[in-house]
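The values are calculated or read from the model by the stated rules, or taken from the named source; none is laboratory data. Keep in mind that what you see is a predicted model, and the values were worked out from it rather than measured. Positions of Cβ are generated from backbone atoms using ideal geometry, with glycine treated the same way; all protein chains shown enter the neighbour counts.
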Amino acid sequence: MAESTSVTKGNVWGGGVAPFNVSYGKLMMWFFLVSDAFTFSGLLISYGTMRNKATNDYWPSPDEVFNHFPFTDAHIKLAFVSLMTFILIMSSVTMVLAVEAGHRFDKKAVIKWLALTILGGFFFLGSQVWEWYHFITGTHDGKLVEVINAQGLVETIQVFGANMHINEYGAQQFANFFFFITGFHGTHVASGVILNIIAFIRVINGYNDRVGHYEFVEKVGLYWHFVDLVWVFVFTFFYLI
Amino acid sequence: MDNYHYHTQVPGEPIAKANTGWIWKGFFILLVVTAIEVGFAFLNDAGHGETRFLSLEFQKWFFIALTLVKAYYIVFSFMHLGHEKFSFKLTISLTMILIVYFIILMMIEGYALRDVKLLQPDFFKRTYKEHHVTPAGGEHHDAH
């Protein structure tokens with residue numbers, strides 16, 4: 001057992017050494033992101049299995065369901081969700097620029113890029129809300145669906161949109177998975193925006209000047225990139241495949 | 001506390017010039033790859049009764065491959081994992097590559113389940129009375 005090693009010169013088992021030469025906060029953020037990736041992977045794995053288990057005429061085709069564009073009557077498939085992907089990638093880029101400015105202690109640039117990242121996050125959340133709204137309220141014509149009513153008889157009703165019981169698009173699991181996966185991801189985006197706002201206020205208040213580094217911005221940046229990464233996978237598996 | 005040393009700013013020292021070339025390069029790569037994905041989804045459409053240019057199978061694996069390219073740039077470039085020590089890179093990326101492998105395996109499993117299900121007799125037989133109720137008001141909806 002080593003006796004009284006000095007604080008600055010640690011050894012591997014005696015403490016005072018950063019594994020992989022990464023600071024504690026960053027390492028813990030990375031570990032959290034890997035565990036969160038497991039959660040999202042579980043959801044995407046179950047979605048992939050369910051979706052491939054269903055035949056193609058039973059499972060709705062995402063490019064036929066998601067083809068509306070806000071403020072227009074246009075029906076362009078995948079247009080709006082591509083815009084959402086672009087906005088999130090753009091906000092990821094502004095986040096990297098904020099972290100890079102933090103390395104150079106360029107406070108004004110950090111504030112500028114963080115503000116743009118927060119804006120992009122709000123834009124994405126608003127777009128997701130619109131997607132959900134349109135998914136729930138449904139198309140103009142709806143669809144005739146045969147259900148069993150309260151008396152146990154087969155009844156043909158006009159169904160509009162999607163909810164937890166019935167939907168006009170096809171398999172009920174499609175709606176369930178859509179709500180859960182995009183909702184879970186949207187929650188992560190929302191918490192990411194809140195963290196970004198906290199980082200933003202801290203930079204303005206001079207917290208980073210006091211501690212002498214911009215590592216909080218870097219850690220929030222890691223979380224934000226993770227959110228973008230998950231969206232890239234959700235976009236591919238849900239909308240494209 | 002640990003041997004991770006922060007670069008501290010000397011007060012009064014001018015702020016260094018920005019080095020952002022690699023960031024915009026990463027952005028353009030992500031943009032182009034996404035554009036290729038969306039463009040491919042558009043152009044490889046089955047239309048009405050026409051066959052696709054490239055099969056649906058190929059399209060699905062093509063999208064997964066492009067997604068992995070995007071994931072690589074986000075993790076190794078934007079999240080700085082490329083600049084970390086090799087053992088740390090392994091810790092993070094090996095875990096995630098195995099997860100992606102799991103997703104692909106389960107997708108193939110799903111295909112197998114679909115093929116098995118088609119071979120089974122239809123046991124979801126309707127056991128309720130086949131008595132159709134006309135909708136309230138007696139309106140007749142055209143089935144589109």
Subject >> Of residues in region A:17-38 being closer than 18 Å to residue A:180 by Cα and in contact (Cβ under 8 Å) with a residue 60 or more places away in the chain, the one nearest to the other protein chains (Cβ to nearest Cβ) >> reply: A:37
**OP:** Determine, yes or no, whether residue B:118 is at pLDDT 85 or above and not polar (S, T, N, Q).
**Re:** no
**OP:** Identify all residues within region A:140-174 that are closer than 27 Å to residue A:74 by Cα and in a strand (DSSP E or B); write none if there are none.
**Re:** A:143, A:144, A:145, A:158, A:159, A:162, A:167
Subject >> Residues located in region B:72-91, provided they are crowded, with 16+ Cβ neighbours inside 10 Å and over 21 Å from residue A:100 (Cβ atoms) >> reply: B:91
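Would you mind stating whether residue A:97 is closer than 30 Å to residue B:88 by Cβ, more than 7 Å from chain B (Cβ to nearest Cβ) and within 25 Å of the chain's Cα centre (by Cα)? Full working, then the answer.
Working: closer than 30 Å to residue B:88 by Cβ: yes; more than 7 Å from chain B (Cβ to nearest Cβ): no; within 25 Å of the chain's Cα centre (by Cα): yes.
Against the criterion (closer than 30 Å to residue B:88 by Cβ, more than 7 Å from chain B (Cβ to nearest Cβ) and within 25 Å of the chain's Cα centre (by Cα)), residue A:97 does not qualify.
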Original post:
Of the residues in region A:59-98, how many are over 20 Å from residue A:218 (Cα atoms), of a type outside the set (Ser, Thr, Tyr) and touching a residue at least 12 places away in the same chain (Cβ under 8 Å)?
Top reply: 18
Original post:
If you go through region A:212-235 one residue at a time, do you hit one that is more than 24 Å from residue B:74 (Cβ to Cβ) and part of a helix (DSSP H, G or I)?
Top reply: no
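Scan region B:23-60 residue by residue and report those that are facing another protein chain (nearest Cβ under 9 Å) and of a type outside the set (A, V, I, L, M). Full working, then the answer.
Keep residues of region B:23-60 that are facing another protein chain (nearest Cβ under 9 Å), which gives B:23-24, B:26-27, B:30-31, B:34-35, B:37-38, B:40-42, B:45, B:56, B:59-60.
Listed by number, the residues that qualify are B:24, B:26, B:27, B:34, B:37, B:40, B:42, B:45, B:59, B:60.
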**OP:** Please indicate, with yes or no, whether at least one residue in region A:56-71 is touching a Gly at 6+ places or on another chain (Cβ under 8 Å), within 12 Å of chain B (Cβ to nearest Cβ), assigned to a helix (DSSP H, G or I) and surrounded by fewer than 19 Cβ atoms within 10 Å (Cβ to Cβ).
**Re:** no
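Would you say residue A:238 is within 14 Å of chain B (Cβ to nearest Cβ), aromatic (Phe, Trp, Tyr), crowded, with 17+ Cβ neighbours inside 10 Å and under 20 Å from residue A:42 (Cα atoms)?
Numbers: within 14 Å of chain B (Cβ to nearest Cβ): yes; aromatic (Phe, Trp, Tyr): yes; crowded, with 17+ Cβ neighbours inside 10 Å: yes; under 20 Å from residue A:42 (Cα atoms): yes.
Considered against the rule, which asks whether it is within 14 Å of chain B (Cβ to nearest Cβ), aromatic (Phe, Trp, Tyr), crowded, with 17+ Cβ neighbours inside 10 Å and under 20 Å from residue A:42 (Cα atoms), residue A:238 comes out as yes.
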Original post:
Does at least one position in region A:135-142 carry a residue that is modelled with pLDDT of 80 or more, surrounded by fewer than 18 Cβ atoms within 10 Å (Cβ to Cβ) and touching a strand residue (DSSP E or B) at 6+ places or on another chain (Cβ under 7 Å)?
Top reply: yes
